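Written below as structure tokens is the structure these notes are about.
Taken together, the values in this text are just the output of simple stated rules run on the coordinates, not laboratory data. Since we're looking at a predicted model, the values are computed, not measured.
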Amino acid sequence: MSNIAQIQLELIDEFQLFDNWLDRYQYIIDLGKQLPEFPDEYRTDDYKLHGCQSQVWLKAKAENGMLYFQAASDSAIVSGLIALVMRVYSGQPAAEILSTPPEFIRAIGLSEHLSPTRNNGLAAMVTSIRDQAQACLAA
């Protein structure tokens, strides 16, 4: 298992393979298409993230200090952003989630190339994951 810092470096390297943002957007969308199926039973207000332009549902499961996430969106680009965030944080220790900032967002240029509402949604996802990690450690 790779740690969060290693996974972020891998993502940064992957995105450097693309010459332009049109190709990067397509890659993000393709990643979203590969997300595992999200159970309908979790598509409720209890799991819905607020602050996202699109509908986003996020389910966390804590197991032995590790956090596992499932998420879905009704938007192709947001599904891709979910895939990136899940790749970085799902299956990681709660303490590491809290101690490792999401550098990949800035490093691959997402903060510059997403609309303000998409940036807000991405921030809401990361905040929710960090809140879940904090709750896991407090339990």
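To the nearest Å, what is the center-to-center distance of segment 1-50 and segment 59-113, using C-alpha atoms only?
Using only Cα atoms, the two centres lie 8 Å from each other.
Output the DSSP H helices from the chain with an along-axis C-alpha extent of no less than 15 Å and a mean Kyte-Doolittle hydropathy no less than 0.5. Can you show the working numbers first?
On the way: long enough: 4-16 (18 Å, 0.36); 21-33 (18 Å, -0.48); 76-89 (20 Å, 1.98); 116-138 (32 Å, -0.04).
Those that clear 15 Å and a mean of 0.5 are 76-89.
Can you give me the long-range amide H partners of residue 56? Hydrogens built in the peptide plane at 1.01 Å from N, cutoff under 5 Å, separation of 5 or more residues or another chain.
Hits under the 5 Å cutoff: 49.
Hey, got the Cα dimensions of segment 1-93 along the principal axes, in Å, largest first?
For segment 1-93, the Cα extents along the three principal axes come out at 40, 31, 22 Å.
If amide H atoms are built 1.01 Å from N in the plane of the peptide, which residues on other chains or at least 5 residues away come under 5 Å of the amide H of residue 67?
It is 91, 92, 94, by chain and number.
Please list, or write none, the lysines whose alpha carbon is within less than 19 Å of the alpha carbon of residue 33, excluding same-chain residues fewer than 8 places away.
Residue 33 reaches 59.
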